[in-house]
Amino acid sequence: MSAGIGTGLGLTVRGLTTLFDTPRGMALAVADVDLDVGPGEMVGLVGESGSGKSVTLRSIMGLIQTPGHVTGKVEWGGRDLVAMPAEELRRIRGSEIAMIFQEPMTALNPVLPVGLQLEENLVAHTRLNARERRARALELMNIVGIPAAERRLNEYPHQFSGGMRQRAMIAIALACSPKLLLADEPTTALDVTIQDQILKLLLDLRDRLAMSVVLVTHDLGVIAGTCDRMAVMYAGRIVEMGTVIDVFRQPRHPYTRGLLGSVPRAGAVRTMLSSIEGTPPGLTDLPAGCAFHPRCSFATDICRQERPPLQSLGADRKVACFHHDRVAAAEAIL
Amino acid sequence: MSAVPIISVDGVSKQFGVSYSLMRRLAGEPPLAVHALNNVSFEVHRGETLGIVGESGCGKSTLARCLVRLLDPDGGAIRFEGRDISTLRSAERRAFNKRVQMIFQDPYGSLNPRMTVSQVLNEALSVHRMRPKRDIPARIIELLDLVRLPHDAASRHPHEFSGGQRQRIGIARALAVEPDVIVADELVSALDVSVQAQVINLLLRLQEELHLTLIFVAHDLRLVRHISHRVAVMYLGQIMEIGPSEGVFASPRHPYSKALLDAAPELDPTHRSRVVAARGELPSPLNVPPGCPFASRCPHVFDRCRVERPALTKRAPAHSAACHLVDFGAMPSALADAV
Amino acid sequence: MSVAVEKIGLYPRFRRLALPRTLISGAIIIGVSLLIAFFPALFAPYDPIAFDYKALLKGPTLAHPFGTDSFGRDVLSRVIHAYTIDMQIAVFATVGPFIFGTIVGAYVGYAGGLAEAIFGRVVDAVITFPFLVLVIAIVSVLGPGLGNMYVAVGIVGWVFYARLVAAEVKVQKRLDYADAGRVMGYTPMRIVFRHLLPNAITPAIVYWMTDMALAILLGSSLGYLGLGAQPPAAEWGVQIADGKNFMSTAWWISVFPGIAIVITGLGFSLLGDGLAQLMRVRR
């Protein structure tokens, strides 16, 4: 997907690397990540805890603070967000690019009414007067499906249920009609029927507002139900990328294959799941070669010595595995 | 599966009081209470896995705690091999807990952080005199093998393990007393997907080897479906549907079960729906509507649902649902028979 | 699998050897203090109660580094001998309250209900009065002297330990491992003392260290008021009282015992901080 490069449309990430200086040594949280998000596209970033998926999102948004350090390029509208002065970045955050978080209770300010927090964003990024702001706030509450908007604007976050809180946070994020929404596990803390509502709301909003969305999640089912393209992360690196249909039909990285096999599915009751042995590595002592090799059933000597590069296979497909042909040829997992 | 149930739950209710505010007292209103369980009845048969699934606030964790007597129900009775467990006193009660064990959700909180793995297992083995003293070290090694932990794990503290390994320690502790029944409350929900699968596989294998009866409580429908012989779907403290796993998931007979099934994210990007599975949100558990608890969200709701609470009635052999729409989700042929 | 375990295991194991710096410095100060307390004669150049009328109120010199007091007694020797009494006060005045308070606190925290309600009223009653006033009142009734001071401090002091332990046990008993103990069929006794208490006692131990410093101050205050250790015994509070009339002319009589109090207090505080760090649970 080359949309966006140089045209000022969409997001182009090149060589994004985030290091954390920890007492145990340098932790490579995100390593050399390339990612393109076209206009109106919904891209999923999937991985387990410590895979670097959330840090990637925060690095794009410029939310990494010391002891963290970000290098690489994040191009948005022809400008590089990483090199941008703080003041300019602040103007883009919340207006052109917005972000929603996993736990709205901590992302919202508990002592301010929701309406006030919504208008705060409008004050910061628009020239609307008080009456216009109120009207816009009501409109946003309706867009995200919060009933009795007039009354609820004056209520505090703790008076909202988990689902409603997440809707309120989305409303705040949408206040200035962003062109890119970064969603960090927005439904992980929610019940499944509420998760379903929120995901479908995000899909609707994407269509209505022509936004691009980057959705970070650990749940492959969420990706399958919503995204156009996906990237799988492991130990800070993207190991596989492609359209959701392609990746699910034929995973080419053993980790993707293992993840897909780990999720129980219909019609295979009480069978053994094809789990991945072991646990993800710590970021301060990654294994040599391919970071996945100690857990990989396809691993050979080369995997222990050399790190496989992320190579392109056709227009929209990338994989970082020496044995992707063998993985692709292996018995279907779904 | 024998005919006599190993555990029978009979009309169990449990309320939690909410602090009685001065305003309510002055207004003469009754104290508020959360009805965590509301007349719940079911049976568990020896050797089976019963899955209990539901969203937060449905009472599944309260039920799990009642089953191992961490909580005492306010009404109804739970019987283990025919004996009401609320009548068991000290030593009897400890003997009951030896046979009915629980594994907890939180891999970080459920182990004493100051005890090594071998101390944890040694305590369980020696308190219940499972083995003579000199055989305990060998038994600890056996238990570690059973849950696939390395032998050198014995001398380590919980903080030295990952979440999945801690859950294995919790399982080993429960198995140390050689129980008949294990209640697993959200056993894997705190774990990464790949590690979840390891623990689920372990549980399936252990159940085969040790002929355990398993009560698997979880919010993840995909996991419950995968591991259970029978499933109970709970909502707001009540069982909405209970039946064999294939039956409930292939043709749910309650609109809530269907909504839950539709909302669960499946691994098939080719079948996408933009229709919301269930609108609205859980009503406040302080203020449960008089009719069907799901009425406010049900797409098939009609007048009767709002006034009369449907009872759990039979739909098929060993399959019951609590819905006024008796034919909901029935196979076309059955529907034809009914008409 | 085992590879992963080893990697996870290695680091904390290594760190366990590194003791907190505060702990080391605190332990050195208290260790030396105890050594002096047990063998004061080894360190003191003179007899602490021997009068020397030829050297009254002499400032610090090579012969008397801390000077002499109004009876010509060597201040250094008196400060050194006072360690015996003051360290004894630190331990005796606190060990009883610590043990009793911990047991009561563990029971109250675990049982809750009526026991907690009653205990709450006891706490209210005790903290309404200033600690020192209460102790002075009890000592006045029982009569002056160290033994009665221990009794007085014990009657009041256990409440603070019990309150700390009860609060912590109340937190710990809600955690899953306590429920796990119940489900394992362990007796409440075992759950409280084998499982909850080791995880709940850290604040009480840290407070104990501070309390020892406070006990020395209290002992000195009572000594100063004439209600604790009795003259001519060497005790820091008594010494400071001895010097109070000579502050402008012979500051050394009061200042050196004061410095000893500060250093010992600092030692206990450092030890407490260090222990807190050492006993912090890694999760």
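Looking only at Cα atoms, what is the convex hull volume of chain C per residue, in Å³?
Output value, Cα hull per residue: 156 Å³.
Distance from the Cα centre of segment A:260-292 to that of segment A:92-167, in angstrom?
39
Over segment C:80-279, what is the relative contact order in percent, taking alpha-carbon pairs closer than 8 angstrom and at least six residues apart?
Once normalised by length, the contact order is 27 percent.
By how many nm would the segment from residue B:139 to residue B:20 grow when fully extended, if each residue of separation counts as 0.36 nm and the alpha-carbon distance is taken off?
37.7 nm
Taking the 0 to 90 degree range and rounding to the nearest ten, how far is the long axis of helix B:136-146 tilted relative to the main principal axis of chain B, both from C-alpha atoms?
40
Report, by chain and number, residues whose modeled amide H sits under 5 Å from the one on residue A:44, excluding near sequence neighbours (fewer than 5 apart, same chain).
Sorted by chain and number, the residues that satisfy this are A:215, A:228, A:229, A:230, A:231.
Hey, can you grab everything whose amide H is under 5 Å from the amide H of residue B:51? Only 5+ residues off in sequence or another chain; H modelled, so Pro and N-termini drop out.
The answer is B:216, B:229, B:230, B:231, B:232.
Give a residue-ordered list of calculated ³J(HN,Hα) values for segment A:245-251 (Karplus: 6.51 cos²θ - 1.76 cosθ + 1.60, θ = phi - 60°; whole Hz; x for Gly, Pro).
4, 5, 5, 5, 6, 8, x
Quick check on chain C: helices-only [θ] at 222 nm, where DSSP H runs of length 4 and up contribute -39,500 (n - 2.57) each and the sum goes over total residues. Nearest 500, please.
-23500 deg cm²/dmol
Per residue of segment A:325-330, in order, report the coupling 6.51 cos²θ - 1.76 cosθ + 1.60 (Karplus, θ = phi - 60°) as ³J(HN,Hα) in whole Hz, putting x for Gly and Pro.
5, 5, 5, 5, 7, 5
Between 0 and 90 degrees, rounded to the nearest ten: what's the tilt of helix B:163-176 against the longest Cα principal axis of chain B?
80
Could you list B:257, B:162 in order of exposure, starting from the residue whose Cβ has the fewest other Cβ atoms within 10 Å?
Fewest-to-most ranking of B:257, B:162: B:162, B:257.
So what is the relative contact order for chain A, in percent, with contacts set as C-alpha pairs under 8 Å and at least six apart?
This gives 20 percent for chain A.
Under the rule of -39500 (n - 2.57) per DSSP H run of 4 or more residues, summed and divided by the residues of chain B, what mean residue ellipticity at 222 nm is obtained, to the nearest 500 deg cm²/dmol?
It comes out at -9500 deg cm²/dmol, rounded to the nearest 500.
How much of the pair distance distribution for chain B lies past 37 Å, counting alpha-carbon pairs only, in percent?
Of the Cα pairs, 24 percent sit more than 37 Å apart.
Given a Förster distance of 35 Å, report the FRET efficiency between residue A:161 and residue B:308 from their Cβ-Cβ distance, rounded to the nearest 0.05.
0.85
Can you put C:227, A:89 in order of Cβ neighbours within 10 angstrom, beginning with the fewest?
Sorted ascending by nearby Cβ count, the order is A:89, C:227.
Quick one: go through segment A:262-289 and flag any residue whose amide nitrogen is under 20 Å from the point 7 Å out along the Cα-to-Cβ line of residue B:273.
Answer for segment A:262-289: A:264-268.
Hey, got a sec? Which trypsin sites (Lys or Arg not before Pro) in segment B:248-334 land in a DSSP loop and have at most 15 other Cβ atoms within 10 Å?
Sites meeting the loop and neighbour criteria: B:272, B:274, B:279.
In Å, what Kirkwood hydrodynamic radius results for the protein assembly as shown from the alpha-carbon pair distances?
Averaging 1/r across every pair of different Cα atoms and inverting gives 32.6 Å.
If I take R0 = 60 Å and measure r between the Cβ atoms of residue A:91 and residue B:89 in this structure, what FRET efficiency does the formula 1/(1 + (r/R0)^6) give, to the nearest 0.05?
Using R0 = 60 Å, I get an efficiency of 0.30.
Could you list B:34, C:123, A:216 in order of exposure, starting from the residue whose Cβ has the fewest other Cβ atoms within 10 Å?
Going from least to most buried by this count: C:123, B:34, A:216.
With each label point set 7 Å from Cα along the Cα-Cβ vector, what nm distance links residue A:288 and residue C:41?
With each label placed 7 Å out from Cα toward Cβ, I get 6.8 nm.
Count neighbours as other Cβ atoms within 10 Å of each site's Cβ, and list the chymotrypsin sites (Phe, Trp or Tyr not before Pro) in segment C:39-115 that are DSSP loop with at most 14 such neighbours.
C:53
Residue by residue through segment B:285-291, which ³J(HN,Hα) values in whole Hz follow from phi under the Karplus form 6.51 cos²θ - 1.76 cosθ + 1.60 (θ = phi - 60°), with glycine and proline marked x?
After applying 6.51 cos²θ - 1.76 cosθ + 1.60, I find x, 7, 9, 6, x, x, x Hz.
Whole angstrom only: what separates the Cα centroid of segment B:50-69 from the Cα centroid of segment B:274-319?
Taking the Cα centre of each part, segment B:50-69 and segment B:274-319 sit 19 Å apart.
Pick out, in residue order, every one of the trypsin sites (Lys or Arg not before Pro) in segment C:139-183 that is DSSP loop and has at most 16 other C-beta atoms within 10 Å; say none if there are none.
Counting only loop positions with at most 16 other Cβ atoms within 10 Å, the trypsin sites (Lys or Arg not before Pro) in segment C:139-183 are C:174.
Which helices, taking whole DSSP H runs in chain C, have alpha carbons extending 18 angstrom or more along the helix axis plus mean Kyte-Doolittle at least 0.5?
What comes out of the filter, once short or polar helices are dropped, is C:21-38, C:75-111, C:113-128, C:146-172, C:202-225, C:252-279.
For residue A:123 and residue A:83 in the same chain, what is the full-extension length gain: residue separation times 0.36 nm, less their Cα-Cα distance, in nm?
This chain segment gains 11.8 nm when fully extended.
Once each part is reduced to its C-alpha centroid, what is the distance from segment A:174-224 to segment C:101-128 in angstrom?
So the two Cα centres are separated by 50 Å.
Using helices alone, I'd like the mean residue ellipticity at 222 nm for chain A: each DSSP H run of four-plus residues gives -39500 (n - 2.57), total over residue count, nearest 500.
Result for chain A: -9500 deg cm²/dmol, rounded to the nearest 500.
Suppose a student asked you for the relative contact order of segment C:97-180, using Cα pairs under 8 Å spaced at least 6 residues apart; what percent would you report?
Once divided by the residue count of segment C:97-180, the mean separation gives 55 percent.
If I fit a long axis through the Cα atoms of helix B:90-99 and take the longest principal axis of the Cα atoms of chain B, what angle between them do I get, 0 to 90°, rounded to 10?
So the inclination is approximately 80 degrees.
Would you please give the residues with an amide H less than 5 Å from that of residue A:99, counting only those at least 5 places away or on a separate chain, with H modeled from the backbone geometry?
Sorted by chain and number, the residues that satisfy this are A:94, A:182.
Each label point is 7 Å from the Cα along the Cα-to-Cβ direction; what then is the distance between the points at residue C:123 and residue C:245, in nm?
4.7
Just so you know, all these numbers are worked out from the coordinates, no wet-lab data involved. For clarity, every value in this text was computed on a predicted model and none was experimentally measured. No Cβ is skipped: glycine too gets one built from the backbone with ideal geometry, and neighbour counts run over all protein chains shown.
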